[in-house]
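All remarks here apply to the structure that follows.
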Amino acid sequence: MNNTLALRKFIVGAIFALACFAFICRLFYMQVVDDRYKLDASNETFRHVTQYPPRGCIKDRNGKLLVTNEAAYDIMVIPGQVKDCDTNSFCNDLGITKADFISNIKKAVILNTSSHASVFMKEVTPEIYASFQEKMYKYHGFYSEVRTVRRYPMKIAPHLLGYIGEVSKELCLRNPKYKEGDYVGISGIEESYESDLSGQKGVKITMVDAMNREVSGYKSGKYDTLPQPGENLTCSIDADLQAYGEKLMENKAGSMVAIDPSTGEILALVSNPEYDPNLLVGNVRAKNYGKLVLDSIDIPLFNRALMAAYPPGSTFKPIEALIAQQEGVLTENTSYTCPGAFHLGNISVACDAAHGTLQLEKAIAMSCNTYFCNVFMSMMNNKQYSTTEEAFETWRKYVMSFGLGTRLDIDLPSALRGNVPSVDYYNRFFGKGHWKGATVVSLGIGQGEMLLTPLQLANEAAILANRGYYYMPHVIKSVGDKNTVQKKYTTRHYVPIDAKYFDIVVEGMSEVVEEGTAAASKIPGVVMCGKTGTAQNPNGRNNSLFIAFAPMDHPKIAICVVVERGGWGAEWAAPLGSLMVEKYVTDTIKRPDVEKRMLEGNTLQYLAMEKNQPRVKHKSKK
């Protein structure tokens, strides 16, 4: 019995002794061997300073810098270490009020508690930073951090490049890479290529003396981590063409999208009214952003090239001609007579002139509504389909194969799908069996419920240029030193139209420019194929549209131009588009009179008149 009791005492004592030994060893390891624990317990002695990586720069296709970086300085605070602070002197040194001081300290405590560092003031000027560095020893708990902010040397392409802003609380919770106060891409390339541009943060551990001055790095930087810079991007746009397009679109509402049809690369993406991208950089960003958001007339933050949807008008007629040929209800010799309007029962669609009897090529050149209403009706009445709904659904599938009514997978956020109405829509609206082809005949000339974006129309022009296929539009040529593009941007997408049917349509589009509706926009020495469009606007003047590609053989550029409230397609969109084509193909402008008229023209007055409000004038970026 005594032996058993003694054994139990021995075992308990041995376990206790081992536990004490392990505890002592752990304390020795934490306090002597592993310095990391010493760092965690020494906030008064050591300072962990985040090393922000420079964000990747963005260049155009020819190597011109579109987005670069410059140094910015944040004043940081650890609220629990702030003591014996002369508030008046501190506020004078930083140029703030005492109320600002109290507010910023409270915000820091709420965000990160009193023992962790927070941003006290963002992006102070280099002059304030230099002055504060000399006086920082007086203010315990405060220090500075250096980061970079974006700069836009050419002040172009704000909607394409996008901007950066403070990371949201939600993203911080989802992604541990970010903490409150960090910056992240909000729109454009900055958003869609955030993971490539942002890089990886580093940490520098420094020793601080009793006067709040940095003495030296800890352990010669043994525990420091270096920041990894973001990847540089090469953008597909031509900076000179982009700048020229923006100049042409001054005082006009609308957009331009130009594509290299041989690659799908975006050469220019203009949305106007726009803004100087430098307005959304630094400590003036919040103030300027508020002004831009509140501008309900120009809506400068709205990317019309990707998000605005318009009836395409006559720019849709080439697709109509291709589908009808493929369906066997139209040939190049098919004739219809135009008396000045299309009439069927109580349905009437006006034409801009009485064109007489036309065949397909001239119908495209003259943009005859009567002709293409008849073409649409021939498809809806095609005997191989038992019902109008079946014929319409077939027509709709063809249309959507051109990337219309669906979101093109461009490497930019916010591209919309537009609208190609469905059978279900019309069944709900009119009732099943209560509508026929004549009911929706305006679709045949790009009106009615059809809505397309400028990006989609530019892609249509690229398909016509390639005679039946396209590459998905994209804006980035390469990431870093890797001159590779995602596979989805190098894959050809074919439309279900035989190549032979494109010849007559392309000939008709060349006639549009040679002697048709866009004859005034002919380019000396360049055979351009185009199609004007005049689309109804229920709120005022018609919208002016133009799609084109050039040269006719081996095209280098496909383009769409939309001028809101611009009237006829030949009035504004066609000359603007032809100038862009001429600039890109020949690198010179030989029509100074046309250029002068476009540069001096103003259609924004119609927008303001519709809304009966004065326009807000933003600081010029020029």
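Quick notes on this structure:
- Least to most buried among F372, F120 (fewest other Cβ within 10 Å first): F120, F372
- By the count of neighbouring beta-carbon atoms within 10 Å, fewest first, T357, T370 end up ordered T357, T370.
- Dipole of the chain, positive direction: furthest Cα of H554, Q200, F302, with charges on the beta-carbon: Q200
- 0 to 90° range, to nearest 10: angle between helix 573-586 axis and the chain longest Cα axis: 70
- For the chain, calculated [θ]222 nm from helices alone, where every DSSP H run of n ≥ 4 adds -39500 (n - 2.57): -10000 deg cm²/dmol
- The fewest-to-most ranking of S144, S103 by surrounding Cβ atoms within 10 Å reads S103, S144.
- For the chain, alpha-carbon Rg over 2.2 N^0.38 Å: 1.29
- Three-way shape call for region 110-187 based on the alpha-carbon gyration tensor, with the a/c threshold at 1.5: oblate
- The lysines within cross-link reach of K583, meaning a Cα-to-Cα straight distance under 23 Å and a gap of 8 or more places when in the same chain, are K59, K64, K155, K247, K252, K477, K522, K531, K556, K596, K621, K622.
- Here region 422-488 is treated as a Stokes sphere of Kirkwood radius computed over C-alpha pairs; at 37 °C and 0.692 mPa s its diffusion coefficient rounds to 210 µm²/s.
- What the Cβ-Cβ distance of I102 and L173 gives, at R0 = 30 Å and to the nearest 0.05, is a FRET efficiency of 0.60.
- Cα-only radius of gyration and Dmax that characterise region 245-318, units Å: 15.0, 50
- Distribution of pairwise C-alpha distances over region 379-517, 10 Å bins, in %: 10, 32, 33, 19, 5, 1, 0
- Packing around the peptides 528-537, 450-459, 79-88, 405-414, taken as the average count of other Cβ atoms within 10 Å per residue, puts them in this order, highest first: 450-459, 528-537, 405-414, 79-88.
- Each principal axis of the Cα atoms in region 371-413 has its own extent, and those three values, largest first, are 43, 24, 11 angstrom.
- Counted residue by residue at 0.36 nm each, then reduced by the alpha carbon distance between them, the extension gain from K488 to T337 reaches 49.9 nm.
- Gyration tensor over alpha-carbon atoms, region 282-348, equivalent ellipsoid semi-axes in Å: 48, 17, 8
- Each other residue within a Cβ distance under 11 Å of S521 adds +1 if Lys or Arg and -1 if Asp or Glu, for a net charge of -1.
- Approximate shape of region 464-519 as ellipsoid semi-axes (Cα gyration tensor, √5λ), whole Å, largest first: 32, 16, 6
- Here r is the Cβ-Cβ distance between F21 and Y137 and R0 is 45 Å; the resulting FRET efficiency, rounded to 0.05, is 0.50.
- A crude spin-label estimate for the pair V527 and S144, with each label 7 Å from Cα along the Cβ direction, gives 6.5 nm.
- If you wrap the Cα atoms of region 122-167 in a convex hull and average its projected area over all directions, you get 4.7 nm².
- Think of region 136-185 as having a plus end and a minus end, set by charges on the Cβ of Lys, Arg, Asp and Glu; of G185, L171, P158, P158 sits farthest toward the positive end of this dipole.
- Residue separation of Q359 and K556 scaled by 0.36 nm, minus their Cα-Cα distance, works out to 68.0 nm of gained length.
- In this structure, D352 and D593 have a Cβ-Cβ separation that, at R0 = 41 Å, corresponds to a calculated FRET efficiency of about 0.95.
Each reported figure results from applying straightforward, stated rules to the coordinates on display, with no laboratory input. The model shown is predicted, which means the values in this text are computed figures rather than measured ones. Heads up, the Cβs are rebuilt from the backbone with ideal geometry, glycines too, and the neighbour counts pull from every protein chain shown.
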